[in-house]
Amino acid sequence: MIPNSIKVPVPWDYVAPHGALCLGVEPATDFDKRGQGDDQLRDKETGERVWLVRLLDLDPEAGKFGGSKEFKVKVAAPHQPVPPASAVPGYPPMVEFSDVMLTPYVDSQKCKGTGSKCRARLGWSVRASAMSAPQTSRAKAA
């Protein structure tokens, strides 16, 4: 039997083959501890703080059919990850991640009531261990 929390290791090129721009890094909130002193989410396995890195997918097909070109990657680290310097002044830096894991989940936010109009979809949670500047060969290809 497959466990409910299966984690699939994938290379970063599988998640964002055209690359991604870093839009910001913020602490992930643990809503069970909200309002208490330290309400930052902790990784269940390592106990490290979890940070959300907002990204803009550079795939020209991303965002089709009303979807968003933005997505987030969760990084478990003791300190806030710092994006690399931008190669193009005035634009966000391009980044990549190591040790990327995908976890599937069912997004049922679009289900209304008990009728047959449920538009639930399969979503993917993306986790990584570290953020870095892209390798030079990938940066040239993008």
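All of the numbers you see were taken from the coordinates with simple rules; none came from a lab. Keep in mind it's a predicted model, so treat the numbers as computed, not measured. Note that we place each Cβ from the backbone using ideal geometry, even for glycine, and neighbour counts take in every protein chain shown.
Of the listed values (i) 8.6; (ii) 14.3; (iii) 11.8, grab the one calculated as mean projected area of the Cα convex hull in nm² from the structure here. So the calculated entry is the one marked (iii). Placing +1 on the Cβ of every Lys and Arg and -1 on the Cβ of every Asp and Glu, with nothing else charged, gives the chain a dipole about its Cα centre of roughly 540 debye. Out of residues 5 or more away from Q40 or on other chains, whose amide H comes under 5 Å of its own, with H placed 1.01 Å from N in the peptide plane? Amide H neighbours of Q40, under 5 Å, 5+ apart: D30. Note: relative contact order over the chain, using C-alpha pairs below 8 Å and six or more positions apart, is 26 percent. Computed extension gain for A85 through T103, at 0.36 nm per residue and net of the alpha carbon distance, reaches 3.5 nm. What's the longest piece of the chain with no exposed GluC sites (Glu not before Pro), counting a site as exposed if DSSP puts it in a loop and it has at most 13 other beta carbons within 10 Å? No qualifying site falls inside 62-142, the longest such stretch. In this structure, the amide hydrogen of W51, modeled 1.01 Å from its nitrogen in the peptide plane, lies closer than 5 angstrom to those of A28, V75, A76, A77, counting only residues at least 5 positions away or on a different chain. Taking every alpha-carbon pair under 8 Å whose residues sit at least 6 apart, the range 1-72 reaches a relative contact order of 30 percent. Computed over the chain, the per-residue total of -39500 (n - 2.57) for DSSP H runs of n ≥ 4 gives a 222 nm mean residue ellipticity of -1500 deg cm²/dmol, rounded to 500. Among beta bridges from DSSP that stay inside the chain, the antiparallel ones total about 90%. Database note for the chain: Cys without another Cys beta carbon under 4.7 angstrom, C22.
The 3J(HN,Hα) values that the Karplus relation (6.51, -1.76, 1.60; θ = phi - 60°) gives for the range 69-77 are, in residue order, 8, 8, 8, 10, 10, 8, 10, 8, 7 Hz. Gly and Pro appear as x.
The lysines whose alpha-carbon is closer than 17 Å to the alpha-carbon of K7, local same-chain residues fewer than 8 away aside, are K44, K72, K74.
Farthest toward the dipole's positive end in the chain, which of G63, L102, W12, given Cβ charges of +1 (Lys, Arg) and -1 (Asp, Glu) about the Cα centre? The listed residue farthest towards the positive side: G63.
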